[in-house]
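Below is one structure; the comments refer to it alone.
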Amino acid sequence: MHHPPVTIQDKQFSIYIPERKILHSVEIVAARISHDFRGKDPLFLTVLNGAFMFASDLMKEVSTPCEISFIRLSSYEDMQSTGKVKEIIGLKEEVKGRHVVIVEDIVDTGHTIAGLLPQLHAKGPASVEVATLLIKPESLQHNLSIKYPALSIANDFVVGYGLDYNGFGRNLRDIYKVM
Ligand code: IMP
(Lines give C-alpha, C1' and ligand atoms only; values in the text may rest on other atoms or scores of the structure.)
Protein backbone atom coordinates (compact mmCIF):
# COMPACT_ATOMS: atom_id res chain seq x y z
CA MET A 1 0.00 0.00 0.00
CA HIS A 2 1.24 3.46 -0.88
CA HIS A 3 1.52 5.99 1.95
CA PRO A 4 2.32 9.49 0.71
CA PRO A 5 3.77 12.00 3.21
CA VAL A 6 1.22 13.97 5.25
CA THR A 7 1.39 17.62 6.24
CA ILE A 8 0.16 18.73 9.66
CA GLN A 9 0.41 22.45 10.20
CA ASP A 10 4.08 23.40 9.69
CA LYS A 11 5.50 19.86 9.57
CA GLN A 12 5.74 16.99 7.11
CA PHE A 13 5.53 13.39 8.22
CA SER A 14 6.47 10.18 6.40
CA ILE A 15 5.13 6.67 6.90
CA TYR A 16 6.83 4.88 9.79
CA ILE A 17 4.68 1.99 11.06
CA PRO A 18 1.86 0.75 8.82
CA GLU A 19 -1.46 -0.26 10.33
CA ARG A 20 -0.99 -4.01 9.74
CA LYS A 21 2.28 -3.98 11.72
CA ILE A 22 0.64 -1.98 14.53
CA LEU A 23 -2.30 -4.40 14.72
CA HIS A 24 -0.01 -7.41 14.72
CA SER A 25 1.97 -6.00 17.69
CA VAL A 26 -1.25 -5.10 19.50
CA GLU A 27 -2.50 -8.69 19.10
CA ILE A 28 0.70 -10.07 20.62
CA VAL A 29 0.46 -7.76 23.65
CA ALA A 30 -3.24 -8.59 24.08
CA ALA A 31 -2.47 -12.32 24.08
CA ARG A 32 0.18 -11.85 26.79
CA ILE A 33 -2.18 -9.74 28.90
CA SER A 34 -5.04 -12.24 28.46
CA HIS A 35 -2.76 -15.03 29.63
CA ASP A 36 -1.28 -13.12 32.59
CA PHE A 37 -4.61 -11.75 33.89
CA ARG A 38 -6.82 -14.81 33.48
CA GLY A 39 -9.19 -15.05 36.44
CA LYS A 40 -8.02 -11.69 37.83
CA ASP A 41 -10.76 -9.45 36.39
CA PRO A 42 -8.30 -6.68 35.47
CA LEU A 43 -9.29 -3.01 35.39
CA PHE A 44 -7.87 -1.26 32.30
CA LEU A 45 -7.33 2.46 32.77
CA THR A 46 -6.94 4.14 29.40
CA VAL A 47 -5.17 7.50 29.46
CA LEU A 48 -7.00 9.94 27.18
CA ASN A 49 -6.70 11.33 24.60
CA GLY A 50 -3.79 9.61 22.89
CA ALA A 51 -4.53 5.99 23.86
CA PHE A 52 -8.10 5.79 22.56
CA MET A 53 -7.33 3.93 19.32
CA PHE A 54 -4.80 1.58 20.92
CA ALA A 55 -7.24 0.83 23.75
CA SER A 56 -10.00 0.03 21.29
CA ASP A 57 -7.93 -2.45 19.27
CA LEU A 58 -6.27 -3.91 22.38
CA MET A 59 -9.55 -4.53 24.18
CA LYS A 60 -11.06 -6.30 21.17
CA GLU A 61 -8.25 -8.86 21.48
CA VAL A 62 -8.33 -9.30 25.27
CA SER A 63 -10.11 -12.56 25.94
CA THR A 64 -10.40 -12.52 29.73
CA PRO A 65 -13.26 -10.79 31.60
CA CYS A 66 -12.19 -7.21 32.35
CA GLU A 67 -13.38 -3.68 33.04
CA ILE A 68 -12.36 -0.75 30.87
CA SER A 69 -12.31 2.83 32.05
CA PHE A 70 -10.87 6.14 30.93
CA ILE A 71 -8.87 8.77 32.79
CA ARG A 72 -7.30 12.08 31.99
CA LEU A 73 -4.26 13.70 33.50
CA SER A 74 -4.31 17.34 34.46
CA SER A 75 -1.15 19.33 34.55
CA TYR A 76 -0.52 21.98 37.22
CA GLU A 77 2.48 23.75 38.72
CA ASP A 78 3.45 22.19 42.02
CA MET A 79 4.34 25.11 44.29
CA GLN A 80 6.46 22.91 46.58
CA SER A 81 8.76 21.72 43.82
CA THR A 82 9.58 23.13 40.43
CA GLY A 83 8.25 20.07 38.64
CA LYS A 84 4.82 19.51 37.19
CA VAL A 85 2.58 16.88 38.71
CA LYS A 86 -0.16 15.36 36.60
CA GLU A 87 -3.19 14.52 38.66
CA ILE A 88 -5.70 11.80 37.72
CA ILE A 89 -9.12 13.11 36.68
CA GLY A 90 -12.26 11.06 36.12
CA LEU A 91 -11.39 7.86 37.96
CA LYS A 92 -14.70 6.55 39.31
CA GLU A 93 -13.85 2.87 39.81
CA GLU A 94 -12.67 1.47 43.13
CA VAL A 95 -8.99 0.58 42.64
CA LYS A 96 -8.44 -1.06 46.03
CA GLY A 97 -7.64 -4.74 45.60
CA ARG A 98 -7.87 -4.57 41.79
CA HIS A 99 -5.35 -5.66 39.18
CA VAL A 100 -4.86 -2.42 37.24
CA VAL A 101 -3.41 -2.12 33.73
CA ILE A 102 -2.65 1.43 32.60
CA VAL A 103 -3.17 1.81 28.83
CA GLU A 104 -0.93 4.56 27.39
CA ASP A 105 -0.14 5.78 23.88
CA ILE A 106 3.58 6.38 24.33
CA VAL A 107 6.23 6.34 27.03
CA ASP A 108 8.80 8.96 26.08
CA THR A 109 10.75 10.43 29.04
CA GLY A 110 8.59 8.39 31.41
CA HIS A 111 7.63 11.48 33.47
CA THR A 112 3.91 10.86 32.94
CA ILE A 113 3.96 7.22 34.06
CA ALA A 114 6.40 7.97 36.88
CA GLY A 115 3.91 10.55 38.19
CA LEU A 116 0.88 8.33 37.70
CA LEU A 117 2.15 5.15 39.40
CA PRO A 118 2.43 6.52 42.98
CA GLN A 119 -1.07 8.02 42.73
CA LEU A 120 -2.49 4.63 41.78
CA HIS A 121 -0.42 2.70 44.32
CA ALA A 122 -1.78 5.04 47.03
CA LYS A 123 -5.26 3.64 46.31
CA GLY A 124 -4.23 0.11 47.35
CA PRO A 125 -4.48 -1.92 44.12
CA ALA A 126 -3.50 -5.61 44.07
CA SER A 127 -1.08 -4.81 41.20
CA VAL A 128 -0.35 -2.12 38.60
CA GLU A 129 1.22 -2.77 35.19
CA VAL A 130 1.63 -0.58 32.11
CA ALA A 131 0.60 -1.40 28.53
CA THR A 132 1.85 1.15 26.01
CA LEU A 133 1.55 1.24 22.25
CA LEU A 134 4.99 2.83 21.85
CA ILE A 135 8.11 3.24 23.95
CA LYS A 136 11.19 5.33 23.19
CA PRO A 137 13.89 3.52 25.23
CA GLU A 138 16.57 6.11 24.36
CA SER A 139 14.51 8.93 25.87
CA LEU A 140 13.49 7.17 29.08
CA GLN A 141 14.66 9.09 32.18
CA HIS A 142 13.08 6.97 34.89
CA ASN A 143 13.71 3.46 36.10
CA LEU A 144 10.30 2.11 35.07
CA SER A 145 9.23 -1.41 34.43
CA ILE A 146 6.93 -1.25 31.40
CA LYS A 147 5.69 -4.81 31.15
CA TYR A 148 3.59 -4.55 27.98
CA PRO A 149 5.11 -2.33 25.27
CA ALA A 150 3.68 -3.10 21.81
CA LEU A 151 6.43 -1.39 19.78
CA SER A 152 9.82 0.17 20.58
CA ILE A 153 10.84 3.17 18.48
CA ALA A 154 13.80 5.52 18.10
CA ASN A 155 13.71 9.01 19.51
CA ASP A 156 11.55 10.47 16.71
CA PHE A 157 8.39 12.53 17.02
CA VAL A 158 5.46 10.50 15.70
CA VAL A 159 1.76 11.04 14.91
CA GLY A 160 -1.19 8.89 13.96
CA TYR A 161 -3.16 6.01 15.46
CA GLY A 162 -4.25 8.28 18.32
CA LEU A 163 -1.08 10.32 18.66
CA ASP A 164 -1.19 13.99 17.78
CA TYR A 165 0.83 16.99 16.76
CA ASN A 166 -0.86 20.09 18.25
CA GLY A 167 -4.12 18.16 18.43
CA PHE A 168 -4.09 16.96 14.81
CA GLY A 169 -3.19 13.64 13.20
CA ARG A 170 -4.91 11.35 15.71
CA ASN A 171 -7.24 9.97 13.02
CA LEU A 172 -4.46 8.57 10.81
CA ARG A 173 -4.61 4.77 10.76
CA ASP A 174 -0.83 4.41 10.35
CA ILE A 175 1.99 5.95 12.39
CA TYR A 176 4.09 8.65 10.74
CA LYS A 177 7.33 10.27 11.85
CA VAL A 178 8.44 13.83 11.39
CA MET A 179 10.67 14.40 8.33
P1 IMP B 1 6.49 11.25 28.79
O2 IMP B 1 5.84 11.80 30.04
O3 IMP B 1 7.71 12.03 28.39
O4 IMP B 1 6.77 9.76 28.86
O5 IMP B 1 5.52 11.53 27.58
C6 IMP B 1 4.27 11.01 27.50
C7 IMP B 1 3.34 11.87 26.70
O8 IMP B 1 3.98 12.80 25.80
C9 IMP B 1 2.53 10.96 25.83
O10 IMP B 1 1.39 10.48 26.50
C11 IMP B 1 2.21 11.82 24.63
O12 IMP B 1 1.03 12.55 24.88
C13 IMP B 1 3.37 12.79 24.54
N14 IMP B 1 4.35 12.36 23.49
C15 IMP B 1 5.61 11.94 23.71
N16 IMP B 1 6.23 11.63 22.55
C17 IMP B 1 5.32 11.86 21.57
C18 IMP B 1 5.36 11.71 20.12
O19 IMP B 1 6.35 11.29 19.49
N20 IMP B 1 4.21 12.03 19.46
C21 IMP B 1 3.08 12.48 20.09
N22 IMP B 1 3.01 12.62 21.43
C23 IMP B 1 4.11 12.32 22.17
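The values are calculated or read from the model by the stated rules, or taken from the named source; none is laboratory data. Since the structure is predicted, the reported quantities are computational estimates derived from the model, not experimental observations. In this analysis, Cβ positions are derived from the backbone assuming ideal geometry, glycine residues included, and neighbour counts consider all displayed protein chains. When the accessible area is computed, the model is the full protein with side chains, heavy atoms only, and any ligands, DNA or RNA have been set aside. Shrake-Rupley method; radii C 1.70, N 1.55, O 1.52, S 1.80 Å.
The residue that is nearest to the chain's Cα centre (by Cα), among those in segment 96-113 that are within 12 Å of the ligand (Cβ to nearest atom) and open to solvent by less than 30 Å² (accessible area, probe 1.4 Å), is GLU104.
Taking into account only those residues within segment 145-179 that are more than 29 Å from GLN9 (Cβ to Cβ) and touching a strand residue (DSSP E or B) at 6+ places or on another chain (Cβ under 7 Å), which is least open to solvent (accessible area, probe 1.4 Å)?
The first filter runs over segment 145-179 and keeps only residues more than 29 Å from GLN9 (Cβ to Cβ), leaving 145-148.
Now narrow it down to the ones that are touching a strand residue (DSSP E or B) at 6+ places or on another chain (Cβ under 7 Å): 146-148.
Numbers: ILE146: 28, LYS147: 86, TYR148: 1 Å².
Among residues in segment 145-179 that are more than 29 Å from GLN9 (Cβ to Cβ) and touching a strand residue (DSSP E or B) at 6+ places or on another chain (Cβ under 7 Å), the one least open to solvent (accessible area, probe 1.4 Å) is TYR148.
May I ask you to list the residues in segment 59-69 that are touching a helix residue (DSSP H, G or I) at 6+ places or on another chain (Cβ under 6 Å) and in a helix (DSSP H, G or I)? Result: GLU61, single match.
Restricting to segment 35-58, count the residues that are closer than 14 Å to VAL130 by Cα, away from the ligand (no atom under 16 Å from the Cβ) and assigned to a helix (DSSP H, G or I). So the answer is 1. Residues in segment 114-133 that are surrounded by fewer than 20 Cβ atoms within 10 Å (Cβ to Cβ) and small (Gly, Ala, Ser) were compared, and the one that is nearest to PHE44 (Cα to Cα) is SER127. The residue that is farthest from HIS111 (Cα to Cα), among those in segment 122-179 that are within 9 Å of the ligand (Cβ to nearest atom) and of a type in the set (D, E, K, R), is LYS177.
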